[in-house]
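Q: To start, I am sharing the structure in question, which I have written as structure tokens.
Each value in this text was obtained by applying a stated rule to the coordinates, not by laboratory testing. Small disclaimer: the values here were computed from a predicted structure and weren't measured. Ideal geometry is used to build each Cβ from the backbone, glycine not excepted, and the neighbour counts take in all protein chains shown.
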Amino acid sequence: MILRTSTIACDPRRLAERLPWLRVSVVPQLAALPGNVGVLVLVGEQAGRVVVASLWGTPTRMAADEPVLDALREQACAVPGTTVTTESWEVVERHRRRPLAVGATDRSTRIEFPPADVDLLVETFRSTTLPATDLLPMLCGTTLLVDRSRGVAVWSATFTSHSAMTRSRRAAAEIRQMSMEKARARPVEVTELTVAIAEAATRDGRG
């Protein structure tokens, strides 16, 4: 599967204005596209960041819907002071323990690695990161996204609440350090976001 992320950066004071537009216009349009199998919107209020994550069965199906995706991105950029960064990822692992719901929280670690070491990164995630993360209390699920050509990946762990994610920070940091050393990779950014819209993220059976 392919995950497309569009990261919208805007003035934090205007973030509340963007959510109704996403909920009423963007998410229904994405969910109605033939190739789409899930949509999730995550928000970081203090940072003024919104991530719209849309899931697609294959790159070909996503490419067929590209004109609609481009039009939505242009609408987002039309707001003064707003930038949109779009990336496409291979979904290497997607492990779900509990359903996702509004109010759940996500901690994503952006990783850089030598492209030649992609197999080492994936194997480390499966043998080390995933089993250790799966032991964290109130975990909803874990995902590994990879862009093989750029040598970039994202390890995402979602929790039932902000308090559950906060309690996991120390353990997650230890898992991150252990995994990165083993995979010869480097964490470059850790972000914590809240699930704002999850209604359309159930088409393929995800919660």
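Q: Round to the nearest 10 and give me the degree value, 0 to 90, for the angle of helix 169-183's Cα axis relative to the longest principal axis of the chain.
A: The two axes meet at around 70 degrees.
Q: Considering every Cα-Cα pair within the chain, what fraction, in whole percent, is farther apart than 26 Å? Mind dumping the intermediate values first?
A: Values: 6919 of 21321 pairs.
Result: 32 percent of Cα pairs exceed 26 Å.
Q: Of Met165, Met62, how do they rank once you tally other Cβ atoms within 10 Å and put the fewest first?
A: Arranged by neighbour count, lowest to highest, Met165, Met62 become Met62, Met165.
Q: Another question, then. Sorted from largest down, give the three principal axis spans of the alpha carbons of region 104-207, whole angstrom values.
A: Taking the Cα atoms of region 104-207, the three principal extents are 38, 31, 22 Å.
Q: Quote the FRET efficiency, to the nearest 0.05, computed for Ala173 versus Ala63 with a Förster distance R0 of 25 Å and r equal to the Cβ-Cβ distance.
A: The computed FRET efficiency comes out at 0.10.
Q: Expressed as an acute angle from 0 to 90° and rounded to the nearest 10, what is the orientation of the C-alpha long axis of helix 66-77 relative to the principal long axis of the chain?
A: Taking Cα atoms only, the helix is inclined about 80 degrees.
Q: Would you list Trp89, Trp56 from fewest to most Cβ contacts within 10 Å?
A: Least to most surrounded, the residues fall as Trp89, Trp56.
Q: Calculate, in nm to one decimal, what Asp119 and Arg150 gain on full extension: separation in residues at 0.36 nm each, minus their alpha carbon distance. The partial results should precede the final answer.
A: Details: separation 31, 0.36 × 31 = 11.16 nm, distance 1.40 nm.
Computed gain between Asp119 and Arg150 is 9.8 nm.
Q: If I take the Cα coordinates of region 148-198 and project them onto the principal axes, what are the three extents in Å, biggest first?
A: 31, 25, 13
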